[in-house]
Each structure stands twice: as C-alpha cells, then as structure tokens.
Amino acid sequence: MHIGINLWTTPSTWWPSGASYAADFAGDRYMRDGEPVAANAAFGLVRGSTKYAADGSGSFVPFGANIAARTDLGLLVEPASSNMLSNPVGLETWLTTMASATPLPGPVLGIFTQPMLVTDTAGNAVARLRHAMGLSVVAEQSYALSFWLRAGSTPNVGVIASGDGGSSRLGIALPDGGVTTSTSGRGAMTLAGLVQPAPNIYCAQVRWTPSYSGSCEVAIGPGTGVIGDTVIALGAFMEVGTRFTSPILDAGGRAADNLTLHLPEGTHELTFTFADGSTQVIAGASGEFAVPTNLDRAVIRRVVGVAS
C-alpha cells in the first residue's frame, strides 16, 4: 500500500492522515504514533566530524560532529568521504600556466575564501590556474571532480586533469552545461552535471577515469583560447569514486552520517521526499531504523511512515 505525500490535508495536524511516523526535517517538526514529539524522540544522528550543508540561498552552513546537518532544504545524509586536494579553497597557493590570477573579495557562499580572477594571457585553451602536484591517481579508478566557479567575461569554463605528460580536458558552456570541447589524452572525462546553487555561481561535476597511474594535477581556466578571456575560480574538490558529495574542507575527511529513525512498534513503509521533490520508498522498516547513506538523493526534506 502506498500513501502519497499529497495526503497532508488533515486540518488539525501537519502530517498526512494514516501516518504512523513523520519527520519534517525542512520544517523541524516530528510525530510518532499520532502525537507531536521533539526531534530527539524522532531520530538520532552520529557523525564523527564536521560537515557543510547548503541552505536555500546556496550558502554552506557548518555543522559540528554529531550535529544533524539540517537546513531549510532538509537533512543532508551522506557516506564517509575525503578530498584529495590539500588546498581546495586556498587558491592563493595554486599556480598559473599561460594565465594570470587576481584575488577577489571573499568569502563566496560562506566557504570559498580566496576567489581568483583567472585571465588567459597566452591565447591558449589550456591557460589555467592549477592545484600543484602532490596527489596520485590509479589507472582505471574513477574520480569525482567538483569545480566551483563564477562566470567571467565569457560564458565558458575549461576544466583539466593532467599528468604523465598529457591531459584530459572539457570545455563547458554556461549556463546550459553544453560540452564545447573534449579531449581524453589521460583518460575519459565526462560532465555529470552543472549545478547552479546561486545566481552566476556554478559547480561543474566531472567524472574522470585516468588511463595511467601516478601524479596528477587539476586545473580551471576560461577554456576559450582567447587572450583576455576570464573565469572566476572559487575552489575544487576531488573524491575517489563516482559520487559527488558536499564540500570537504578538513584534511581528515568527512565521516558518514549515521541517521537512525525512532519508529513506533511494528513495521512501516517509509516514503522519503527529497529536496528536489523526488521520492523513494523503503518497505519493512522497524524499530531503530538505520537510514542508508546511499539513498537516491542526499537531502531528505521529510519522511512519512505508514504501518504495514
């Protein structure tokens, strides 16, 4: 039996008729067995590190260890991960090649403290601001690269991963995310998505599978090959695997979110509604239910349980 989220119509309550459990994370209100309860009676969360979650404005809010990363969008639940880049937002430590870098005021979105105006000074499509060597990749292992940027003088950006004497590169059109150029000299590189969390701010989500093992660098530039063209670099993150997660600023990485729902007695069918409006159903949940960290989406707006 499936109970739709559009049943939230009972005039005297905020949860849907027939629900045995409800957690409205975006609204910070909770119910068990038909009675409103406090947050700690509805769920518990353990996470051994700080993390950052975006709010409705696109800005990132810090949350300490064991504090649920809940904003007006909902609750962010993610697996453990680490960022391979030692200076993901410290762009003053990055190097230039065939380009100049001019510091701009920060922070942007709360965490990008050293924005850089990157200008092509050589008329070359690989003019770039690059994270110095110091990380290694493994052949045929997939990596998730998140390049954060603002559009500059041209609605384009070039992103690069290089090493072993060659590079793979994408040219990306803004704001539609069309791929204008693509080279795979050091392994396949694909654009998984172009996210726009705030006006004129983008995150280019790129998957790269290097064809070699060894040192590498990642870089960002205008990507047009025209002298004087610019892009504003904000930062970058590199994770092992194919999944893109929230920004990781701490050298020790980010621990997993261990979310437990305190369900009433019996078994329940749970409907998870995510920040983008999509849903996922998990049947047969009971007791202290451990929510998986590999749900279809990471930001849970609400959960509704119906006795089954």
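The values are calculated or read from the model by the stated rules, or taken from the named source; none is laboratory data. Values in this document were obtained by computation on a predicted structure and should not be read as measured data. Using ideal geometry, Cβ is built from the backbone for each residue, glycine included, and neighbour counts are taken over all protein chains shown.
A few remarks follow.
- Selection of region 266-305 for residues being assigned to a loop (DSSP other than H, G, I, E, B) and farther than 20 Å from Ala68 by Cα yields Gly277, Ser278.
- In region 30-56, residue surrounded by the most Cβ atoms within 10 Å (Cβ to Cβ) [restricted to those that are farther than 22 Å from Glu265 by Cβ and without any contact (Cβ under 8 Å) to a residue 24 or more places away in the chain]: Asp55
- Matching option when the condition is buried (at least 22 other Cβ atoms within 10 Å of the Cβ) and either closer than 30 Å to Ala54 by Cα or touching a residue at least 12 places away in the same chain (Cβ under 8 Å) (or both), among Ser100, Ser168: Ser168
- Here Gly223 does not fit the description of being surrounded by fewer than 18 Cβ atoms within 10 Å (Cβ to Cβ), outside the structural domain of Leu73 (by TED's automatic domain parsing) and part of a loop (DSSP other than H, G, I, E, B).
- Verdict on Tyr212 being part of a loop (DSSP other than H, G, I, E, B) and either of a type outside the set (D, E, K, R) or within 20 Å of Ser86 (Cβ to Cβ) (or both): yes
- Subset of region 290-305 (residues that are in contact with a strand residue (DSSP E or B) (Cβ under 7 Å, 6 or more places away or on another chain) and surrounded by fewer than 20 Cβ atoms within 10 Å (Cβ to Cβ)): Ala290, Leu295, Asp296, Arg297
- In region 55-111, residue farthest from the chain's Cα centre (by Cα) [restricted to those that are closer than 23 Å to Ile300 by Cβ and among the charged types (D, E, K, R)]: Asp72
- Given (1) at pLDDT below 95; (2) surrounded by 20 or more Cβ atoms within 10 Å (Cβ to Cβ); (3) of a type outside the set (A, V, I, L, M, F, W, C), number of the condition Ser86 does not satisfy: (2)
- Complete set of residues in region 57-83 that are polar (S, T, N, Q) and either surrounded by 15 or more Cβ atoms within 10 Å (Cβ to Cβ) or within 23 Å of Gly253 (Cβ to Cβ) (or both): Ser59, Asn66, Thr71, Ser81, Ser82, Asn83
- Set side by side, the residues Ala69, Ala53 differ, and just one is of a type in the set (A, V, I, L, M, F, W, C) and in contact with a Phe, Trp or Tyr (Cβ under 6 Å, 6 or more places away or on another chain), which is Ala69.
- Residue check for Gly252: outside any strand (DSSP E or B) and surrounded by 15 or more Cβ atoms within 10 Å (Cβ to Cβ): no
- Filtered residue count, region 112-129, keeping only those that are crowded, with 21+ Cβ neighbours inside 10 Å and part of a strand (DSSP E or B): 7
- Val218 being of a type in the set (A, V, I, L, M), within 24 Å of the chain's Cα centre (by Cα), at pLDDT 95 or above and loosely packed, with under 15 Cβ neighbours inside 10 Å: no
- Note on region 223-252: residues that are within 20 Å of Gly123 (Cβ to Cβ) and of a type in the set (Gly, Ala, Ser) total 4.
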